[in-house]
Amino acid sequence: MEVQELLKERMGEDFFLYSITLTPERDTPERLAKYAEAIGAGPGWTYLTGRPEDIQLLRKTLGFYYPDDPALDSELSQHLGFLLMGNDPHGWWGTVPCTAAARHIYNLITWMAPGSRGLL
């Protein structure tokens with residue numbers, strides 16, 4: 001929530017946040033919409049769900065899984081929240097733990113912002 005507040009009016013224009021459930025069989029679009037409203041997710045922040053096999057494919061495509069340990073990968077309590085960020089025209093991509101300080105996340109996101117030259 002702090003990152004959303006720091007990005008303010010640029011949310012939904014220059015910056016978009018997508019939260020993807022790891023439990024799509026439980027997290028329906030309606031349930032996620034209620035959760036997003038309850039925590040104050042604003043414009044530009046979308047909560048996503050889908051078929052379990054599609055969520056798994058997305059996780060693997062984005063690199064958010066344990067390829068060498070399927071048992072560990074299947075244990076949801078072992079999954080860390082990461083923010084994948086990028087500026088596709090520049091080919092800049094990176095991740096940061098969601099538990100990092102909001103100011104740190106904000107600095108990394110704005111460093112990759114459209115129009116940024118990558119300077120801190």
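In the stretch 105-116, is there at least one residue being polar (S, T, N, Q), exposed (fewer than 13 other Cβ atoms within 10 Å of the Cβ) and without any contact (Cβ under 8 Å) to a residue 24 or more places away in the chain? Steps first, answer last, please.
Taking the stretch 105-116 as the starting set, the residues that turn out to be polar (S, T, N, Q) are 107, 110, 116.
Now restrict to residues that are exposed (fewer than 13 other Cβ atoms within 10 Å of the Cβ): none.
Within the stretch 105-116 (the criterion being polar (S, T, N, Q), exposed (fewer than 13 other Cβ atoms within 10 Å of the Cβ) and without any contact (Cβ under 8 Å) to a residue 24 or more places away in the chain), the answer is no, since none of the residues qualifies.
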task = Could you check residue 60 against (1) basic (Lys, Arg); (2) surrounded by fewer than 12 Cβ atoms within 10 Å (Cβ to Cβ); (3) not in a loop (DSSP other than H, G, I, E, B) and say which number it fails?
result = (2)
key: Whichever residue in the stretch 73-91 is of a type in the set (Gly, Ala, Ser) and either in a strand (DSSP E or B) or more than 16 Å from the chain's Cα centre (by Cα) (or both) and, among such residues, is surrounded by the most Cβ atoms within 10 Å (Cβ to Cβ)   = 86
query = Can you tell me which of 42, 50, 94 is of a type in the set (Gly, Ala, Ser), within 18 Å of residue 12 (Cβ to Cβ) and not in a helix (DSSP H, G or I)?
reply = 42
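Go through the stretch 97-115 and give me each residue that's among the hydroxyl-bearing types (Ser, Thr, Tyr), assigned to a loop (DSSP other than H, G, I, E, B) and touching a helix residue (DSSP H, G or I) at 6+ places or on another chain (Cβ under 8 Å). Can you show your working first?
First, pick out the residues of the stretch 97-115 that are among the hydroxyl-bearing types (Ser, Thr, Tyr): 99, 106, 110.
Those left that are additionally assigned to a loop (DSSP other than H, G, I, E, B): 99.
Result: no residue meets the conditions.
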note = Checked against (1) touching a residue at least 12 places away in the same chain (Cβ under 8 Å); (2) surrounded by fewer than 12 Cβ atoms within 10 Å (Cβ to Cβ); (3) farther than 17 Å from residue 17 by Cβ, residue 99 satisfies every condition except (3)
Complete set of residues in the stretch 22-52 that are closer than 26 Å to residue 88 by Cβ and either among the aromatic types (Phe, Trp, Tyr) or surrounded by fewer than 18 Cβ atoms within 10 Å (Cβ to Cβ) (or both) = 22, 36, 42, 43, 44, 45, 46, 47, 48, 50, 51
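Read-outs throughout are calculated quantities, based only on the coordinates presented, and are distinct from any laboratory measurement. Here the structure is a predicted model, which means the values were calculated and not measured. Note that we place each Cβ from the backbone using ideal geometry, even for glycine, and neighbour counts take in every protein chain shown.
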